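**Student:** Sending over a structure as structure tokens; questions will come in a sec.
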Amino acid sequence: QPKAVLTYEGWFSLHATYRINFQMWQSWTVTERKAALLEFKRFIADLEKEHEAHKSSYALYNASGEKGDLLLWILQPTLEEVNAVKTRLHKLKIAAVLEATSSFVSVIEVSNYMQFDINHPRVQERLYPKIPRLRYMCFYPMSKKREQGDNWFMTDRAERGRMMRSHGQIGRKYEDVIKEFTTGACGLDDWEWGITLMSDDVVQFKKIVYEMRFDEVSARFGLFGSFTVGTLLDDQSLTALFA
Ligand code: 76R
């Protein structure tokens, strides 16, 4: 019988990209720019404080290509808190030069194909992650096919379990070089899942995604949205970006 697998949900999530209007930014006085950047950094420092206390988490990256300049990932215990962080950002002075270019709302998800023990520290770590500060981040939304012949959701539970095991085996080969986070977005956004990858070696994103394309779950059932990759923004590189 095809049956939904039990899922565990953790923190709520927002992935967003923003384009910086540097023309407008440069038309501001030095004093205005200083104040706006300082206020933005205070906003980030508050996120950092909560991240350190493990009450929530976040990541800020410099998006590559023309999909935007900032790639922001927010994790909060509730959707209300995710909204509050977004609203606070919108009310900052710097928001006048930011244009949102993409957004993805989801919730951290651990599915129970492997019959995990929910109380195991490794599962808790996945549900409420302290996002690592690795040099590169990659984000993309995806769904699974519902087509004649290849319909993930009509596939027998045991069969899906078998394919997910193979998927996990490939994933675990990258354990030392990639941190992966799965968020679920059924009923929340336009795709079924969000995949977030972090690494100190950007080429590993290409390796894992390529290798998984040959694995049955991705090869037969994977449908992919837009990929965004970016480089870590720390205090210094953020100052440089707005200099
Ligand atoms: O055996 C196991 O431990 C499996 C654990 C596991 C699950 C349940 C797991 C492991 N994933 C699971 C679920 Mn995954 N994952 C992706 C992508 O680009 C692509 O082709 C696919 C995008 C990557 C890169 C990736 C990486 N995974 C899921 C689901 C939900 C499926 C469902 O419920 O139907 C999706 C959409 C998905 C997609 N996966 C891992 C990884 C990595 C690196 C691992 C090992 C990580 C670890 O065990 O800590």
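**Student:** Does residue 113 qualify as being near the ligand (Cβ under 10 Å from one of its atoms) and either touching a residue at least 12 places away in the same chain (Cβ under 8 Å) or touching a Pro at 6+ places or on another chain (Cβ under 7 Å) (or both)?
**Tutor:** Working: near the ligand (Cβ under 10 Å from one of its atoms): yes; either touching a residue at least 12 places away in the same chain (Cβ under 8 Å) or touching a Pro at 6+ places or on another chain (Cβ under 7 Å) (or both): yes.
Yes; evaluated as a whole, the condition is true for this residue.
**Student:** Right, next: Can you find a residue that is under 30 Å from residue 41 (Cα atoms) and of a type in the set (D, E, K, R) anywhere in segment 164-183? Quick ask: steps written out before the conclusion?
**Tutor:** Narrowing segment 164-183 to residues under 30 Å from residue 41 (Cα atoms): 177-183.
Okay, now just the ones that are also of a type in the set (D, E, K, R), so 179-180.
Checked segment 164-183: at least one residue is under 30 Å from residue 41 (Cα atoms) and of a type in the set (D, E, K, R).
**Student:** If we keep just the residues of segment 143-156 that are farther than 13 Å from residue 222 by Cβ and within 11 Å of the ligand (Cβ to nearest atom), which is surrounded by the fewest Cβ atoms within 10 Å (Cβ to Cβ)? So that I can check it myself, show each step before the final result.
**Tutor:** Here is the first cut: in segment 143-156, the ones farther than 13 Å from residue 222 by Cβ are 148-149, 151, 153-156.
Imposing the further condition that a residue be within 11 Å of the ligand (Cβ to nearest atom) reduces the set to 153, 155.
On the way: 153: 13, 155: 17.
In this case the residue turns out to be 153.
**Student:** Moving to a separate point now. Restricting to segment 192-243, name every residue that is out of contact with any Lys or Arg (no Cβ under 9 Å at 6 or more places or on another chain) and of a type in the set (Ser, Thr, Tyr).
**Tutor:** 210, 218, 237
Conditions (1) assigned to a loop (DSSP other than H, G, I, E, B); (2) at pLDDT below 95; (3) of a type in the set (D, E, K, R), marked per residue:
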position	(1), (2), (3)
153	no, no, no
164	no, no, no
167	no, no, no
172	no, no, yes
177	yes, no, no
189	yes, no, yes
196	no, no, no
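**Student:** Also, quick follow-up: Just checking, does segment 32-42 include any residue being under 16 Å from residue 104 (Cα atoms), aromatic (Phe, Trp, Tyr) and buried (at least 16 other Cβ atoms within 10 Å of the Cβ)? It would help to see each step written out before you state the result.
**Tutor:** Start the filter on segment 32-42 by keeping residues that are under 16 Å from residue 104 (Cα atoms), which leaves none.
Looking through segment 32-42, none of the residues is under 16 Å from residue 104 (Cα atoms), aromatic (Phe, Trp, Tyr) and buried (at least 16 other Cβ atoms within 10 Å of the Cβ).
**Student:** If you take the residues of segment 204-243 that are of a type outside the set (Phe, Trp, Tyr) and part of a strand (DSSP E or B), which of them is nearest to the ligand (Cβ to nearest atom)?
**Tutor:** Restricting to residues being of a type outside the set (Phe, Trp, Tyr) and part of a strand (DSSP E or B), the top hit is 222.
**Student:** How many residues are under 18 Å from the mean Cα position of the chain (by Cα) and among the basic types (Lys, Arg) if we restrict to segment 43-66?
**Tutor:** 1
**Student:** OK, next. Tally time: how many residues in segment 226-236 are farther than 15 Å from residue 68 by Cβ, in contact (Cβ under 8 Å) with a residue 40 or more places away in the chain and surrounded by fewer than 14 Cβ atoms within 10 Å (Cβ to Cβ)?
**Tutor:** Residues flagged as farther than 15 Å from residue 68 by Cβ, in contact (Cβ under 8 Å) with a residue 40 or more places away in the chain and surrounded by fewer than 14 Cβ atoms within 10 Å (Cβ to Cβ) within segment 226-236 amount to 2.
**Student:** Filter segment 129-142 down to residues that are within 15 Å of the ligand (Cβ to nearest atom) and in a loop (DSSP other than H, G, I, E, B), then give me how many there are. Reasoning before the result, please.
**Tutor:** Of all residues in segment 129-142, those within 15 Å of the ligand (Cβ to nearest atom) come to 129-132, 134, 136-142.
Going one step further and asking which of them are in a loop (DSSP other than H, G, I, E, B), we end up with 129-132, 134.
Residues in segment 129-142 being within 15 Å of the ligand (Cβ to nearest atom) and in a loop (DSSP other than H, G, I, E, B): 5 in total.
Table: residues versus (1) surrounded by fewer than 16 Cβ atoms within 10 Å (Cβ to Cβ); (2) aromatic (Phe, Trp, Tyr); (3) farther than 16 Å from residue 73 by Cα; (4) more than 6 Å from the ligand (Cβ to nearest atom).
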position	(1), (2), (3), (4)
160	no, no, yes, yes
168	yes, no, yes, no
172	yes, no, yes, no
181	no, yes, no, yes
185	no, no, no, yes
189	no, no, no, yes
196	no, no, no, yes
202	no, no, yes, yes
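The values are calculated or read from the model by the stated rules, or taken from the named source; none is laboratory data. Predicted model, so just to flag it, every value in this text is computed and none were measured. Cβ coordinates were reconstructed from backbone atoms using ideal geometry, including for glycine residues, and neighbour counts include every protein chain displayed.
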